[in-house]
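The values are calculated or read from the model by the stated rules, or taken from the named source; none is laboratory data. Please read all numbers here as calculations on a predicted model, not as lab measurements. Reconstructed Cβ throughout: ideal geometry from the backbone, glycine too, with neighbour counts over all protein chains shown. Areas reflect the complete protein model, heavy atoms only, side chains present, ligands, DNA and RNA absent. Shrake-Rupley method; radii C 1.70, N 1.55, O 1.52, S 1.80 Å.
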Amino acid sequence: MSEYSAERLWLVVPAAGRGRRMGAGLPKQYLDLAGRPVLAHTLARLHQAFPAARLCLCLDPDDAHFDSAWVPFAQWRRSPGGAERVDSVRLALASIANEADDDDWVLVHDVARPCVRVDDLTRLHAALRQDPVGGLLATPVADTMKRDDGQGGVAHTEPRSGLWHAQTPQGFRYGLLCRALDEARMHGAAITDEASAVEALGLSPRLVPGRRDNIKITHPEDLALAGHILAAQREEPLSSPGHMHEETP
Ligand code: C5P
């Protein structure tokens with residue numbers, strides 16, 4: 001029996017975006033990546049890590065591209081997307097209100113991150129279970145960071161020490177996550193990830209170092225990059241060596 005099966009695990013996958021920044025005819029979750037839609041890759045990775053989890057897939061009610069054959073989970077449901085990502089996630093949480101316990105873990109993972117590694121997923125889940133708050137996969141910032149002056153010039157260089165890129169999944173207990181998103185909405189806060197809503201409650205989500213190849217497909221060039229990453233991951237030995245999360249110069 002796997003380590004996580006003792007308690008219920010819900011996966012929320014927001015996939016109701018239109019992907020306008022991609023400038024493609026299709027929403028990015030349906031673009032072809034190594035012969036399959038992005039969405040199918042992402043769900044396959046999640047299923048490999050958590051085969052017994054229950055999935056909530058947020059889809060635009062008018063979505064004409066979705067095919068349930070891409071869903072490998074035995075227990076799953078479709079929930080309607082909202083105006084923003086945070087609204088889609090909140091609707092998904094509402095759709096399981098009658099079944100989820102406040103203590104159940106919920107991992108939220110963007111459909112646009114198909115390269116997430118199975119061992120990062122299981123490591124994240126194991127780390128969260130030791131944490132009273134929850135947390136997220138993240139990578140330390142490697143580049144030198146510039147703040148612009150609003151006119152295309154550099155205002156100053158931001159110290160990168162202690163800065164992280166937030167990735168997904170982000171995982172929190174069901175009750176806490178609902179409360180955090182509701183409070184954020186009440187205060188009109190702009191929320192682009194679950195962790196920031198939890199931070200606004202005065203709590204400190206755990207940063208779980210992940211791999212840099214867990215990219216989010218956002219711009220057209222990202223699709224080719226994701227293809228290269230998947231190909232490189234296929235070439236790796238099955239038990240990959242420990243991941244790197246040191247800051248690079
Ligand atoms: O557009 P962006 O890449 O920031 O979207 C992040 C994720 O949120 C994507 O997986 C997208 O499908 C999803 N999303 C959603 N509902 C929205 C907007 C975005 O489920 N209204």
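The set of residues from the stretch 208-228 being more than 15 Å from the ligand (Cβ to nearest atom) and under 17 Å from the mean Cα position of the chain (by Cα) comprises Val208, Pro209, Gly210, Arg211, Arg212, Asp213. Cβ-Cβ distances below 9 Å connect the following pairs, each with a first residue in the stretch 76-90 that is under 17 Å from Asp193 (Cβ atoms), a second residue that is part of a helix (DSSP H, G or I) and among the acidic types (Asp, Glu), and a separation of six or more residues or different chains: Gly81/Asp87; Val86/Glu194; Val89/Glu194; Arg90/Asp182.
Scanning the stretch 185-195 finds one or more residues that are touching a residue at least 40 places away in the same chain (Cβ under 8 Å), open to solvent by 60 Å² or more (accessible area, probe 1.4 Å) and in a loop (DSSP other than H, G, I, E, B). Only one of the numbered conditions (1) open to solvent by 60 Å² or more (accessible area, probe 1.4 Å); (2) of a type in the set (A, V, I, L, M); (3) not in a helix (DSSP H, G or I) is not met by Leu225, and that is (3). Filtered by the rule that a residue be among the acidic types (Asp, Glu) and touching a residue at least 24 places away in the same chain (Cβ under 8 Å), the stretch 43-66 gives Asp60, Asp63. Among the residues of the stretch 99-121, are any small (Gly, Ala, Ser), open to solvent by less than 20 Å² (accessible area, probe 1.4 Å), touching a helix residue (DSSP H, G or I) at 6+ places or on another chain (Cβ under 8 Å) and more than 16 Å from Arg179 (Cβ to Cβ)? Checking the stretch 99-121: at least one residue is small (Gly, Ala, Ser), open to solvent by less than 20 Å² (accessible area, probe 1.4 Å), touching a helix residue (DSSP H, G or I) at 6+ places or on another chain (Cβ under 8 Å) and more than 16 Å from Arg179 (Cβ to Cβ).
Residues are listed down the side, and each one gets a yes or a no for (1) part of a loop (DSSP other than H, G, I, E, B); (2) modelled with pLDDT under 90; (3) surrounded by 11 or more Cβ atoms within 10 Å (Cβ to Cβ):
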residue	(1), (2), (3)
Ala197	no, no, yes
Arg211	yes, no, yes
Asn214	yes, no, yes
Ile217	yes, no, yes
Ile229	no, no, yes
Gln233	no, no, yes
Ser240	yes, yes, yes
His245	yes, yes, yes
Thr248	yes, yes, no
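Of everything in the stretch 143-184 that is among the aromatic types (Phe, Trp, Tyr) and not in a helix (DSSP H, G or I), the residue that is most open to solvent (accessible area, probe 1.4 Å) is Trp164. Taking the criterion of being within 15 Å of the ligand (Cβ to nearest atom) and surrounded by fewer than 12 Cβ atoms within 10 Å (Cβ to Cβ), the residues of the stretch 62-90 that qualify are Asp62, Ala83. Taking the stretch 41-61 as the range and being within 15 Å of the ligand (Cβ to nearest atom), open to solvent by 30 Å² or more (accessible area, probe 1.4 Å) and closer than 23 Å to Leu121 by Cα as the test, only Arg45 passes.
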